[in-house]
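The values are calculated or read from the model by the stated rules, or taken from the named source; none is laboratory data. Computed from a predicted model, the values in this text were never measured in an experiment. Positions of Cβ are generated from backbone atoms using ideal geometry, with glycine treated the same way; all protein chains shown enter the neighbour counts.
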Amino acid sequence: MIIVMKPKTSEKEIAKVKKKIADFGCEIHESQGLNYTILGLIGNTSSIDPGVLMALDSIEKVIHVQEPYMKANRLFHPEDTVINVGDKKIGGEDFAVIAGPCSVESEEQIVSIAKEVKKAGANFLRGGAFKPRTSPYSFQGLRDAGLELLKTARQETGLPIVSELMSTEYLDRFAEDVDIIQIGARNMQNYELLKEVGKIKKPVILKRGLSATIEELLLAAEYILAQGNENVILCERGIRTFEKYTRNTLDLGAIPVIKKYSHLPVIVDPSHAGGLWWLVEPMAKAAVVAGADGIMIEVHNDPANAKCDGQQSLKPEKFASLMESLKELARIQKKII
């Protein structure tokens, strides 16, 4: 349930309404704009009579929320959320470009790629230290050593780092060392992990699950938001369908749908969606036009010998060329790279 206060309602009157809501045993989520105040009621609202609330002169209207997610709902938060990461932003008029290798392999590799993507215009560095792989015999990442190398690359370039967290065992380490924690597709519905990530204030990129619906993605985000961490970025990375020509099927329609129903920023990972390097450029361009707030692209200086997902990685020079096109598209979409 959502209560919309009349414009320019005084703090004293809002406090009266809050006290009334508290008597119903509901949690209150307050959202304030320039000329409005919205109070979201979280809890069992089935026994609340809207007429009782409407009897208060300061209330404009009472809305029943049909969707099962609350804090991720745009009704609770009409303005787009903008995530601050140091002096950089994700959401609003800023278009984020997150680039780097699928996995960290060596200091020379990650530092050289970091310098190349920054030169091309990327504003975040991605790199996998812990790698969830389908086969237990595939390269699993450098783990702790990989995190240290990412920190070295950040020190060399100033780029904030993004890396995937797979277990609560390393949560404290990631909270201290990583600028944005990524929750991968396989862990989108690992609710215990989501709840723990929700207890810290670190920005989180939540990737859509392999076959997850949009509602399931938003409910997964709700787990993080419900614990108090409102710094959630959704990521469309393709879903599993019957199609075999691409690694996954990139659901570009999810971007405007999520934008309609949620205030959270949405980025796109065209590398994992297509699974082939030559699909990355057209899908990245399409993501900009579809209204995404950013993209995550895999870049490797030697894709043929990459230890992980080389076939979907762009070489630095190809990435630089793509960035020039993206800057033009972003300008048309009134976004800034």
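Return a yes/no flag: does the stretch 213-221 have any residue that is more than 24 Å from residue 106 (Cα to Cα), part of a helix (DSSP H, G or I), of a type in the set (Gly, Ala, Ser) and free of Cβ contacts under 8 Å to residues at least 40 places away in the same chain. Yes, the stretch 213-221 contains a residue that is more than 24 Å from residue 106 (Cα to Cα), part of a helix (DSSP H, G or I), of a type in the set (Gly, Ala, Ser) and free of Cβ contacts under 8 Å to residues at least 40 places away in the same chain. Select from the stretch 240-294 the residues that are over 19 Å from the mean Cα position of the chain (by Cα), in a loop (DSSP other than H, G, I, E, B) and loosely packed, with under 15 Cβ neighbours inside 10 Å and list them in ascending order. The answer is 240, 241, 242, 243, 244, 245, 276. Among the residues of the stretch 53-74, are any in a helix (DSSP H, G or I) and over 19 Å from residue 312 (Cα atoms)? Yes, some residue in the stretch 53-74 is in a helix (DSSP H, G or I) and over 19 Å from residue 312 (Cα atoms).
Residues that are farther than 20 Å from residue 263 by Cα and out of contact with any strand residue (DSSP E or B) (no Cβ under 7 Å at 6 or more places or on another chain) within the stretch 35-78 comprise 44, 45, 46, 47, 48, 49, 51, 52, 55, 56, 57, listed in sequence order. Screening the candidates 128, 92 for the property of being within 18 Å of the chain's Cα centre (by Cα) and either of a type in the set (Ser, Thr, Tyr) or buried (at least 21 other Cβ atoms within 10 Å of the Cβ) (or both) yields one hit, 128. Is at least one residue of the stretch 303-316 under 26 Å from residue 70 (Cα atoms) and either of a type in the set (Gly, Ala, Ser) or not assigned by TED's automatic domain parsing to the domain that holds residue 217 (or both)? No, the stretch 303-316 contains no residue that is under 26 Å from residue 70 (Cα atoms) and either of a type in the set (Gly, Ala, Ser) or not assigned by TED's automatic domain parsing to the domain that holds residue 217 (or both). Within the stretch 79-118, the residues that satisfy the criterion of being under 24 Å from residue 256 (Cβ atoms) and of a type in the set (A, V, I, L, M) are 82, 83, 90, 96, 97, 98. For the stretch 1-42, filtered to residues that are of a type in the set (Asp, Glu) and loosely packed, with under 11 Cβ neighbours inside 10 Å, the residue that is nearest to residue 57 (Cα to Cα) is 11. For the stretch 72-89, the candidate set comprises residues that are farther than 12 Å from residue 38 by Cα and charged (D, E, K, R); within that set, the residue that is surrounded by the most Cβ atoms within 10 Å (Cβ to Cβ) is 89. Do the conditions hold for residue 43, that is, is it over 24 Å from the mean Cα position of the chain (by Cα) and modelled with pLDDT under 90? Judged against the criteria, residue 43 is a match. Name the single residue, out of those in the stretch 161-189 being surrounded by fewer than 19 Cβ atoms within 10 Å (Cβ to Cβ) and under 26 Å from residue 250 (Cα atoms), that is modelled with the highest pLDDT. Here the residue is 189. Considering only the stretch 63-71, I want to know if a residue exists there that is closer than 30 Å to residue 176 by Cα, touching a His at 6+ places or on another chain (Cβ under 9 Å) and either in the same structural domain as residue 265 (by TED's automatic domain parsing) or modelled with pLDDT of 85 or more (or both). Yes, the stretch 63-71 contains at least one residue that is closer than 30 Å to residue 176 by Cα, touching a His at 6+ places or on another chain (Cβ under 9 Å) and either in the same structural domain as residue 265 (by TED's automatic domain parsing) or modelled with pLDDT of 85 or more (or both). Filtering the stretch 43-56 to residues that are among the β-branched types (Val, Ile, Thr) and crowded, with 16+ Cβ neighbours inside 10 Å leaves 45, 48. Does any residue of the stretch 141-159 turn out to be within 20 Å of residue 295 (Cα to Cα), basic (Lys, Arg) and assigned by TED's automatic domain parsing to the domain that holds residue 294? Looking through the stretch 141-159, at least one residue is within 20 Å of residue 295 (Cα to Cα), basic (Lys, Arg) and assigned by TED's automatic domain parsing to the domain that holds residue 294.
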